[in-house]
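To keep things clear, I will list the structure first and then write my remarks on it.
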Amino acid sequence: MSSTLDFSRIPRSALPGLLARAPKAELHMHIEGSLEPELSFQLAARHGITLPYASVEALREAMDFEDLQSFLNLYYACADVLRTEDDFFELGWAYFQRAAADGIVHAEIFFDPQTHTARGVPMGAVILGLHRASEQARRQLGLSSSLILCFLRHLSEEEALQTLEAALPYREFFIGVGLDSAERDHPPAKFERVFAWARTLGLHVVAHAGEEGPAAYVEQALDLLHAERIDHGVRSIDSPALMQRLAHEGVPLTVCPLSNLKLCVVPDLAEHPLPQLLAAGLRVTINSDDPAYFGGYLLDNFRALFDALPQWGAAEAYALLRNSLQASFVAPEQKVAWMAQLDARFVAAMTPA
């Protein structure tokens, strides 16, 4: 942290502007979850697909979820409109434009190839389409990004192994692997072999754990998968020993507030465990998860969270933004450059002494 920063001199009224303009990274965003209803209908028309909804408005109204599984049912149904490399390019490019508008300088994006290859979509169409969008974002928006291939945990480990093998011709286009989809009854231990293989390939490893599953799933992700980041991880609050471990080892948590609210993980953002996690010294980051379904992109999550937590101020904003940059998988020198930009934003927001 810069020695020139004095958070007490930054009024809370300055936070909306700071949160909007400060450099930040997004580390937990499923690209299929950024498929807005408008694009769903455009792609459905392109491919002659009839969606089970009469209109964009009807599809939005269907986004009233009881839990993770009810969301996943709609998520997989809508993903059916993604068929070609151009579809995936358009999906990625739409997200990157929103990300740049939110002040995101770097995004590490999850994609679920099994959702598509099961429908006969070639692996290359998925990865190359997203890579094209990533390259265009770098050139036109100055936004860097990386892809993380996720395995669907409700499927078998054998299928995950086959998916990783099928993706190897495109190894240069993704930096890591993750684990997502329905968490209940699908512990990280189920995927120990495929994650071990991924590590031998030099891939980063992350895993969803402790969203609807127990704190023990977070421990499994650390001990058996050797996850470098935990996606969600909010149930870590149930285990003081795990909380101490996460703080001591500096393992980042990629928390998604609006997702947790929409999927009934928490009843209200004012009751979210984020303040306890941050106060306990955990490296918490804020992310949007599946923004088209959960009511907002990254900046929307920040705004909603700070509106719900009036006790939070500039110190918490700085910590969350800094954590996002530090927890990314970019080169150390790039982190230093972004941190200098972050400090400059906060210094500029300080009132005269």
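The values are calculated or read from the model by the stated rules, or taken from the named source; none is laboratory data. Everything numeric in this text was worked out from a predicted model, so none of it was measured. Every residue, glycine among them, receives a Cβ derived from its backbone with ideal geometry; neighbour counts consider all protein chains shown.
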- Just wondering, is there one or more residues in region 280-289 that are within 19 Å of V177 (Cα to Cα), outside any helix (DSSP H, G or I) and basic (K, R)? no
- With the first residue restricted to region 70-95 and required to be more than 20 Å from P52 (Cα to Cα), and the second required to be surrounded by fewer than 19 Cβ atoms within 10 Å (Cβ to Cβ) and of a type in the set (K, R), Cβ contacts under 6 Å at 6 or more apart or on different chains are F89/R132
- Within region 213-228, identify whether any single residue is within 24 Å of R119 (Cα to Cα) and in contact (Cβ under 8 Å) with a residue 12 or more places away in the chain, and answer yes or no. no
- Task: Considering every residue within region 57-66, establish whether at least one is of a type in the set (K, R), farther than 30 Å from Q162 by Cα and at pLDDT 95 or above.
- Result: no
- Query: Could you say which residue among L161, L130 is among the aliphatic types (A, V, I, L, M), outside any strand (DSSP E or B) and more than 18 Å from the chain's Cα centre (by Cα)?
  - Reply: L161
- Task: Return the only residue of G178, G202 being of a type outside the set (A, V, I, L, M, F, W, C), over 26 Å from L68 (Cβ atoms) and at pLDDT 95 or above.
- Result: G202
- Query: On the given criteria, is A160 surrounded by fewer than 16 Cβ atoms within 10 Å (Cβ to Cβ) and more than 30 Å from Q334 (Cβ to Cβ)?
  - Reply: no
- Item | Qualifying position, being basic (K, R), in a helix (DSSP H, G or I), touching a helix residue (DSSP H, G or I) at 6+ places or on another chain (Cβ under 9 Å) and within 24 Å of Q114 (Cα to Cα), among R83, R46 | R46
- Task: Provide a single number: the residues in region 175-192 that are without any contact (Cβ under 8 Å) to a residue 60 or more places away in the chain and either surrounded by 24 or more Cβ atoms within 10 Å (Cβ to Cβ) or in contact with a Leu (Cβ under 7 Å, 6 or more places away or on another chain) (or both).
- Result: 6
- With respect to R283, determine if the residue is in contact with a Ser or Thr (Cβ under 9 Å, 6 or more places away or on another chain), over 13 Å from H208 (Cα atoms) and of a type outside the set (A, V, I, L, M). no
- Query: If the Cβ limit is 6 Å and pairs must be 6+ apart or interchain, which residue in region 337-353 that is at negative phi and assigned to a helix (DSSP H, G or I) pairs with which residue that is surrounded by fewer than 14 Cβ atoms within 10 Å (Cβ to Cβ) and not small (G, A, S)?
  - Reply: V347/T4
- out of contact with any Cys (no Cβ under 7 Å at 6 or more places or on another chain) and modelled with pLDDT under 95: does that describe G313? no
